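Visitor: First the structure, which I've put down as structure tokens, then a few questions once you've had a look.
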Amino acid sequence: MKSHATLVGPSFFKRLSQWVLYPTVVLLLLAIGTFSVYAQEPILTFLVEPEHPVIAPGEKAVFHIIATSNSVHEADDVIVTFTPVEGVSIEPSPETINRISPFSKATFVVDVSASENLPVGEYILIAEAVYTYCIDVSCFQIDEELTFSVTISEEETMVSPISPQVKRSPLRWLAPTLGALLILGAILLWRFAGLTLPLYLILVLLIAGGLTYGVILKQHEQAQGIAAVLCTSCVGIEEARHEAPKLNLFTLSALKNLAEDVELIVFYAPWCHSCPYAEAMVEAMAAQTEHITYRFIDVDEQRDLAASHGIVRSNRTVVPAILRLETGEVIFGVGELEERLLSLLGVEK
Amino acid sequence: MRLSLARRISQGFGLLLGIFGITGIGMTHIIFPGLHCYACPLAVTICPIGLMQNLVIYGIFSYFWLGAIVAYGLVAGRGFCGWFCPFGTLNDLLSFRKVRINKLASYSKYAILLGTILAAWAFADTMFCKICPAASIEASIPYLFLGVAHVNRPFLIHIATLSATLVGMVVIARFWCRYLCPMGALLGLFNRVSFLHLSLNTDRCSRCGLCADSCPMGLKPHEDYDNHNCIKCGECIQACSLDALTLRFSPNRKP
């Protein structure tokens, strides 16, 4: 006797699931592959000013490489080194920028001098920008090649910024594409040839390989780190704010009249979306009076201090949190931060 | 042991793991096999959807996340929705009207899963968490009482999505699991290869339809027992007087 399932035959929805569900698997895998390609994305962009440095033979010129952060992460140990070009001396200063804060800028001043007998023409300068950034325990080193041109001529320098061309390896696509093709092959074999073994083998390989390699890369700790921090804006407890804080007139006057010394600590986490706003608000207030001193502390670096003030409870962290050391009072998040900070400072409206 | 009792005990373990932070052990490295907000003050496990969004935002390819999801998918697929997920348990408690599933609409959860990934990438933020009803119950409301959250626009959005979902659950059994859950979509991708699966003995089946009437997901197990929406809860097995349906744990899925 035939099964009822086969008597009914492939319904419209069964066909739909074949043509919608399984392509969805492949799409998801490709999406994951694509994100892996974009993993370790540069978090800095580099601009050169002026656009076309023009130097007369035997003369010196100065141009700037401006590194701009587009990320909530801090870039560390930023180094720009140039490939030597005969007849051209290139000296960037400083040699290393130790830290570029989230959404901020830093500038390398580059002295370029051309030897007197250097033929007139356009010269391509190749620079290598190297820096690191960390998300919890995972740190990434970014290595970018920047190219731009210098003209040796008697003409005057033209001033306008230019984005150097960045070269990336096409091999970055290879591993995820191969992985996705393998899985696609296994799914096709299963659906259209009824072979389940290749699919099960690939899935078991994904489990064993994924968990083992993930643990080797300490991704389990990374996952724990992400989950252990309550970023107040991330789960929708309040809205993230990215604008530069503006103090109102009442706040400005209250801060001018502040009589007692206050020490504030802003606890932050690298991936906290609202933390830069909380930091900027404290900075803006402290700029109005000498009675406020402040520190920014990565909560992972001083967990004991954070725990003693309820910022870390049962291994869970709530950020941003602003602690007033004298009283031990803490405020969380950035909602109505200006008013709550004034209240923390003891100012009554 | 009756299947329903075994399932209630298993769901109890799911709930217990969900609030295990009450012991003070804090966050572990375990990815939860269901929808459970890691922002919950008592959570000790990681929400796979919340983590996935963070990984997309930071452009990290997590082998650990992939390995865990494939493991859960291969072991039980959507069985975790029926047997373990605390939000699924809440759906269960409100399952009064076991109406037929709209098959086309049931694909919307895959769109929500893709939308969750795309929104995280486009806005560099965990957009789904801001409307997730599990986060409403497990984070927004507890943190209101803990003094961290306030009644503001994000809080009201959470309450609105939670209310709408609760109404949906009352009107349609397992409404969230059927149409909206991105975690259900993720596990659903593995439902037809998972070791835990429903099996139909067609020689015994009389096509009476009692199993279809009992199914909280509104499926027709006697016609399509290997559906991507099946949460393997076993309600149909208990409803079948001819013992035509069984729950099996094996890579061999032939009836």
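Visitor: Buried by at least 30 Å² relative to the chain on its own: which residues of region B:169-201 qualify, computing accessible area with a 1.4 Å probe on protein heavy atoms?
Guide: Those residues are B:Leu189, B:Arg192, B:Val193.
Visitor: Which GluC sites (Glu not before Pro) in region A:223-315 sit in a loop by DSSP (not H, G, I, E or B) and have at most 13 other Cβ atoms within 10 Å of their own Cβ?
Guide: When the GluC sites (Glu not before Pro) of region A:223-315 are filtered for loop state and at most 13 Cβ neighbours within 10 Å, A:Glu243, A:Glu260, A:Glu290, A:Glu301 remain.
Visitor: Sticking with this structure for a sec: Given the options B:Ser199, B:Phe128, B:Tyr58, identify the residue whose Cα lies farthest towards the positive end of the charge dipole of the protein assembly as shown (+1 on Cβ of Lys, Arg; -1 on Cβ of Asp, Glu).
Guide: Working it through, the farthest residue towards the positive pole turns out to be B:Ser199.
Visitor: Going by Cα centres, region A:85-117 and region A:224-274 are how many Å apart?
Guide: Spelled out, the Cα-based centre of one part sits 35 Å from the other.
Visitor: Express the accessible area of chain B per residue in Å², computed with a 1.4 Å probe while the remaining protein chains stay in the model.
Guide: Computed with neighbouring chains in place, this is 37 Å² per residue.
Visitor: Would you mind working out the magnitude of the charge dipole of the protein assembly as shown relative to its Cα centre, with +1 at each Lys and Arg C-beta and -1 at each Asp and Glu C-beta, to the nearest 20 Debye?
Guide: Details: 42 positive and 51 negative charges, 1106 e Å.
Roughly 5300 debye, rounded to the nearest 20.
Visitor: Okay, next question. Please compute the per residue accessible area over region A:290-342 with all protein chains in place, 1.4 Å probe, rounded to a whole number of Å².
Guide: 45
Visitor: Which whole-Hz ³J(HN,Hα) couplings does region A:276-285 yield from phi under the Karplus relation 6.51 cos²θ - 1.76 cosθ + 1.60, θ = phi - 60°, glycine and proline marked x?
Guide: Residue by residue, region A:276-285 yields x, 5, 4, 4, 5, 5, 5, 4, 5, 5 Hz.
Visitor: Could you check the simple spin-label distance between B:Leu3 and B:Leu15, using points 7 Å along Cα→Cβ, in nm with one decimal?
Guide: 2.2
Visitor: Ignoring ligands, DNA and RNA, how much accessible area is buried between chains A and B, both sides summed, with a 1.4 Å probe, to the nearest 100 Å²?
Guide: Separately minus together, A and B give about 6000 Å² buried.
Visitor: Taking 40 Å² as the minimum loss, tell me which residues in region A:198-219 lose that much accessible area going from the chain by itself to the full protein complex (1.4 Å probe).
Guide: A:Tyr200, A:Leu203, A:Leu206, A:Ile207, A:Leu211, A:Gln219
Visitor: If you don't mind, there's one more thing I want to ask. What longest range of chain B stays clear of loop-exposed trypsin sites (Lys or Arg not before Pro) (DSSP non-H/G/I/E/B, at most 16 other C-beta within 10 angstrom)?
Guide: In short, B:101-203.
Visitor: When the Cα centres of region B:100-137 and region B:66-99 are compared, how far apart do they sit, in Å?
Guide: Each part's Cα centre sits 16 Å from the other's.
Visitor: Return the subset of A:Lys218/B:Lys254; B:Lys98/B:Lys254; A:Lys218/A:Lys246; B:Lys103/B:Lys254 for which the Cα-Cα distance in this structure is over 32 Å, preserving the input order.
Guide: Distance filter (> 32 Å) returns A:Lys218/B:Lys254; A:Lys218/A:Lys246.
Visitor: Can you tell me the length gained on complete extension of the stretch A:Ala307 to A:Glu329, counting 0.36 nm per residue apart and subtracting the Cα distance?
Guide: Roughly 6.6 nm would be gained on extension.
Visitor: Per residue of B:221-230, how many C-beta atoms from partner chains lie within 10 Å of its own C-beta, taken as a mean?
Guide: Partner Cβ neighbours, averaged per residue: 3.
Visitor: Follow-up question, since we're still on this one. Just want to confirm a number: the relative contact order over chain B, from Cα pairs under 8 angstrom separated by 6+ residues, in percent. Walk me through the numbers before you get to the answer.
Guide: Numbers: 454 pairs, mean separation 59.4, N = 255.
Computed over chain B, the figure is 23 percent.
Visitor: Quantify how strongly other chains surround peptide B:70-78 by giving the mean number of their Cβ atoms within 10 Å of each of its Cβ atoms.
Guide: 3
Visitor: Name the GluC sites (Glu not before Pro) in region A:41-93 that are in a loop by DSSP and that have at most 15 other C-beta atoms within 10 Å, would you?
Guide: Loop-located and lightly packed - A:Glu59, A:Glu86.
Visitor: Counting only the heavy atoms of the protein chains, how much of B:Trp83 is accessible to a 1.4 Å probe, in Å² to the nearest 10?
Guide: Answer for B:Trp83: close to 50 Å² accessible.
Visitor: Among the DSSP beta bridges whose two residues both lie in the protein assembly as shown, what percent are antiparallel, rounded to the nearest 5? Intermediate results must be reported in sequence, preceding the final value.
Guide: Details: 66 of 79 bridges.
In the protein assembly as shown, DSSP labels about 85 percent of beta bridges as antiparallel.
Visitor: Give the carbon-plus-sulfur fraction of the accessible surface of the protein assembly as shown in %, rounded to a whole number; probe 1.4 Å, heavy atoms of protein chains only. Please report the intermediate quantities before stating the final value.
Guide: On the way: 16510 of 26740 Å².
That share works out to 62 percent.
The values are calculated or read from the model by the stated rules, or taken from the named source; none is laboratory data. As the structure is a prediction and not an experimental result, all values here were calculated from the model. Ideal geometry is used to build each Cβ from the backbone, glycine not excepted, and the neighbour counts take in all protein chains shown. Just so you know, the surface numbers come from the protein's heavy atoms only, side chains and all, with ligands and any DNA or RNA stripped out. Shrake-Rupley method; radii C 1.70, N 1.55, O 1.52, S 1.80 Å.
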